[in-house]
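**Q** This is the structure I have questions about; it appears just below.
The values are calculated or read from the model by the stated rules, or taken from the named source; none is laboratory data. Given the structure is predicted, the values throughout are model-derived calculations rather than measurements. Glycine also receives a Cβ, built like all others from the backbone with ideal geometry; neighbour counts cover every protein chain displayed.
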Amino acid sequence: VEAVPLNGDAPGGMEGGVLVILRDETEKHTLERIRKDFVANASHELRTPLSIINGYLENLVEGDISEPDETKRAFGIMRKHGDRLAQIVEDLLVISRMESGEPEAVRVEEFDFKACAQDVIHRLTPVITTKEAKVEVVLVDNCSPYIHGDRYYWDQILFNLVSNALKENLARGLQVTILLKQEGDISEIQVRDNGVGIPHADLPFVFKRFYRVARHHSKDIKGTGLGLSIVKRAVEAHHGTITVHSRPGIETLFTIRVPRAARG
Ligand code: ADP
């Protein structure tokens, strides 16, 4: 709360009064609302797979499902939702680590970005091969492959961006490029793909927690809607910015800009 004494120039001749600005309170209020929404959303997201698993367990216990084929199918569905639960909990732990605000939460040091990107590509090789996709790392003008940051988070950032591109695109022959450009005091990282893209109307929301683009096949695509919010958080922890542009069917481009020198 901010109190500003009014002088004779105040509108409405309120001389001698006090103008009370409620900016801080409003901000606190907004943060509190975001936190409550988050807890509500997280609980909802955890409850859905849990109730599906419990539903199938009950059917099995009660003998409503007993045929071998049906039983096998039930276990398959339970495993899928169990995996989803594990992924949500994993993502929530990453978010909570980033939000802990501890100074050691982000360790900024110089590391080889190209090696980090290649490591991510290596881990995604089974998916890349199955989808006959091509993922490459490009250093613009043969620039230095080193950037400042916490390699642990950069691993998360690149993994989430590249795996999103692979996950969302069911068609074969996808091209994904991870590009690094060193420009003065800034390292710019682009992750682009030539796939289905993100509809214009969804673009403002994709970094929000639990937001997922509704697609006709979205039930088949694994995801928590937390990936991009983790990416944005991690970029901001590096004093950087992230933007997204998409022309569906032509190109989707995520651009990250971070300072080249370490900042406290
Ligand atoms: P999810 O866990 O669902 O992948 P994200 O927060 O990582 O959640 O992404 C939010 C939504 O943005 C996803 O549901 C997906 O539809 C869309 N999206 C993200 N990256 C891409 C991409 N490269 N191409 C198409 N859609 C994307």
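**Q** Looking only at region 24-44, filter to residues that are of a type in the set (Val, Ile, Thr) and modelled with pLDDT under 75; which one of those is farthest from the chain's Cα centre (by Cα)?
**A** Taking the candidates together, the pick is Thr26.
**Q** Of everything in region 213-257, what is of a type in the set (Val, Ile, Thr), at pLDDT 85 or above and either within 7 Å of the ligand (Cβ to nearest atom) or not in a loop (DSSP other than H, G, I, E, B) (or both)? Give them in sequence order.
**A** Val213, Ile230, Val231, Val235, Thr241, Ile242, Thr243, Val244, Thr252, Thr255, Ile256
**Q** Filter region 42-79 down to the residues that are of a type in the set (Val, Ile, Thr) and exposed (fewer than 11 other Cβ atoms within 10 Å of the Cβ) and list them by number. Write out each step before concluding.
**A** In the first step, residues of region 42-79 are kept if they are of a type in the set (Val, Ile, Thr); the result is 48, 52-53, 61, 65, 71, 77.
Hit for region 42-79 is Val61, nothing else.
**Q** Name the single residue, out of those in region 132-154 being in a helix (DSSP H, G or I) and touching a strand residue (DSSP E or B) at 6+ places or on another chain (Cβ under 7 Å), that is nearest to Arg233 (Cα to Cα).
**A** To start, the set of residues in region 132-154 that are in a helix (DSSP H, G or I) comprises 140-142, 151-154.
Of the ones still in play, those that are also touching a strand residue (DSSP E or B) at 6+ places or on another chain (Cβ under 7 Å) are 140, 151.
Working: Val140: 26, Arg151: 15 Å.
Residue satisfying both the conditions and the ranking: Arg151.
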